[in-house]
Amino acid sequence: MLLHELRKQVLDASLNLVKYRLVTLTGGNVSGRDPITGFIAITPSGMEYEGLTPEDIVVMDAEGNVVEGKWKPSVDTGFHLHIYKNRRDINGIIHTHSTFASCFASLHEEIPCVLTTLANEVGGSVPVARYTPVGADEMGPAILEAIGDRRACLLANHGVVSVGPDVRHALVAAVMLEDAAKAYFAARSIGEPVVLPESEVQKARELFLNQYGQKN
Ligand SMILES: [Zn+2]
């Protein structure tokens, strides 16, 4: 089977979206790009994640032609392809409709960087991409305009997109963003959250990139 490891990573991330309650039923989608072949592995359209196997993940080329796979790829394939085409640094993309982040997407309100976890995992405040209908060609450009150097953005009236150098990093950004959105939502209901100064955002991000975890 072509790109077994990448397909497994896409499937594992999808199952984690279910585990962390970021998707319901067949919502959301996950993809990863193999930096060597340039092929993209993406979740199939309209199928619940539990019960899928790596073979069910669709492999396609950069133009969206299916290279291997028995199912139709995600309906959001267009914006995944557009992001990969324009950002060589991104090799993992996750889209969800996670509740608290989508709450701010429905308000067209960016989530300010009020928690160090946002600085660490997303790179600062979470911007909002302008509204585009689901599946529209404009979706990819709207996401790229908004996301800049962040690891995630909100999609106005829709949900969330997170990205990373691989699928695992995109998953971490999606999970941590929802967690921070929940805390921000709660804080807003009892007071006015304090936004971290830019210098602190930078410090938190650098600490995470250079020292956190088990890196040598
Ligand atoms: Zn969606």
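Bear in mind that the values in this text are calculations on the coordinates, not laboratory data. Here the structure is a predicted model, which means the values were calculated and not measured. Cβ placement follows ideal geometry from the backbone for every residue including glycine, while neighbour counts extend to all protein chains displayed.
Structure notes:
- For the chain, a simple Cβ point-charge model (Lys and Arg +1, Asp and Glu -1, everything else neutral) yields a dipole of about 240 debye relative to the Cα centre.
- With one equal scatterer per alpha carbon and no solvent term, the Debye-computed log10 I(q)/I(0) for the stretch 4-211 at 0.14, 0.17 1/Å reads -0.76, -1.11.
- Calculated [222 nm] ellipticity per residue, helices only, for the chain: -12500 deg cm²/dmol; basis is -39500 (n - 2.57) per DSSP H run with n ≥ 4, divided by all residues, nearest 500.
- Sequentially through the stretch 118-128, phi angles give Karplus couplings (6.51, -1.76, 1.60; θ = phi - 60°) of 5, 5, 5, 9, 10, x, x, 5, 10, x, 10 Hz, Gly and Pro residues having no value and appearing as x.
- Residues with amide H under 5 Å from that of Ser74, placed H, sequence gap 5 or more: Thr43, Ser45
- Stretched out straight at 0.36 nm per residue, the stretch from Glu5 to Ser45 would grow longer than its current Cα-Cα span by 12.4 nm.
- Segment Ile36-Lys72, length gained on full extension (0.36 nm per residue, minus Cα span): 10.6 nm
- Gap separating the Cα centres of the stretch 60-94 and the stretch 152-177, nearest whole Å: 16
- Amide H to amide H distances under 5 Å link Gly124 with Ala119, where only residues 5 or more positions off or on other chains count and H is placed in the peptide plane.
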